[in-house]
Amino acid sequence: MPPPRTTTFDHDLASLVEAFRENNPAVFYTLLMSSSVLATVSQTDNMWNRIGEEGEVQSVVYLHFLKNWDRIRTLALAGGGQVAGYLVETIRNALRDYDLGTAEGRLGALDAAARFIARIKDDGLRKVYAYNLDRWLGLNDQELVLARVGQYMRRGQSRPGRRAPRPAEPGAGQAGHGPGPGDASHAPDQPNAPDEPPYDLGDPVVQVEREALKLAIQRPALCGPAFDAIDRVAFTAPRHAAVMDLVTACGGTGGAGNAQEWAALLRQAAPDDRTRSFVTQLAVEPLRVPRADGEPDARYADAVLARVEELAVSRSIATVKSRLQRLNPVDGQAAYNRTFGDLVALEQRRKALLEKAAGAL
């Protein structure tokens, strides 16, 4: 429980209402994060302990107002003198609706808020919001937040028309030589589903996850049980996770037989046309093997799979570090020591995976 504030609840709430009426979200958020309102509402409704920590309470409220600022403000002001009560109830709703205790929850919240931030026209203000979002989500990765915002900006600029496909470079997409980091001209990719985050083929995380799936479909014998042991959450793109689920449902790469028959089985078992089309695309797309003959070997497959796991562990490390920063090593020594132990174990795991992945990537 946070220490008592010197300011009063009524005074802080009045300041919030004034900033709300003036349509000044920057002042509103600054006041909200440092006021007694957030602490009082959270404690009164016994939500502080339910969510877990002060930083998480601040995060979920920040995100709720950030996403819904225009709508909340319109409804609140329409209530006349009930603006203060409406704001308090909105805080309560925010605390009930969000769960940032998992990596999936934070990434989902990131995408939800990034859509809003992408609509801000002023570059400086947009960056301030992005940096604040990173801090309150506990991601500790401003570049990731800015990249997500940038993806939604580009997505918005490309509407209503669609961009024409980029002409292929001479020699691009030749067998055995996959696309480079920024080259997706080898094949047109599927459009995003309505609720799917932007799928950026230039994103290094997308590239390595995609490469792992191509190996699992085209060369299951090289992947074996190692691919099956990867946790589903390691695949951050929804379409990647869907293929991982499909591979698991079909018995995994550890039990796959002939590569052609395996790919045909995956296509046949695909739950929908979208997943089936994506599997077909991955089955024919060249692998990005850094060898003259373009043929992958066990060492390359091990390195790719280790890289996928290492990225997932790195995300877990960021989560644990954020949690550790919010713990008091004096008042909560047991929880602090336990969390620190988790961090040490994750760091050791990450080091081992980096050494393994360094073989070919």
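Quick note: the coordinates plus some simple rules give every number you see, no bench work behind them. Small disclaimer: the values here were computed from a predicted structure and weren't measured. Cβ atoms come from the backbone with ideal geometry, glycine included; neighbour counts cover every protein chain shown.
Relative to the current alpha-carbon distance between residue 274 and residue 292, full extension at 0.36 nm per residue lengthens the span by 3.1 nm.
For the pair residue 326 and residue 24, a Förster radius of 41 Å applied to the C-beta separation gives a FRET efficiency near 0.90, rounded to the nearest 0.05.
Between the beta carbons of residue 248 and residue 78, assuming R0 = 51 Å, the FRET efficiency works out to 0.55 to the nearest 0.05.
Prolate is the label for the stretch 200-361, because the ratio a/c of its alpha-carbon gyration tensor axes (a ≥ b ≥ c) is 1.5 or higher and a/b is greater than b/c. Sorting 216-225, 22-31 by average packing, meaning the other beta carbons within 10 Å per residue, from highest down gives 216-225, 22-31. Between residue 123 and residue 231, the simple spin-label model (points 7 angstrom out along Cα→Cβ) gives 3.9 nm. Descending by average beta-carbon neighbour count within 10 Å, the peptides 14-20, 205-211 line up as 205-211, 14-20, the highest first. With a Förster radius of 51 Å applied to the beta-carbon distance between residue 71 and residue 261, the computed FRET efficiency rounds to 0.45.
For the peptides 261-267, 324-330, 112-118, the ranking by packing is 112-118, 261-267, 324-330, with the highest mean count of neighbouring Cβ atoms within 10 Å listed first.
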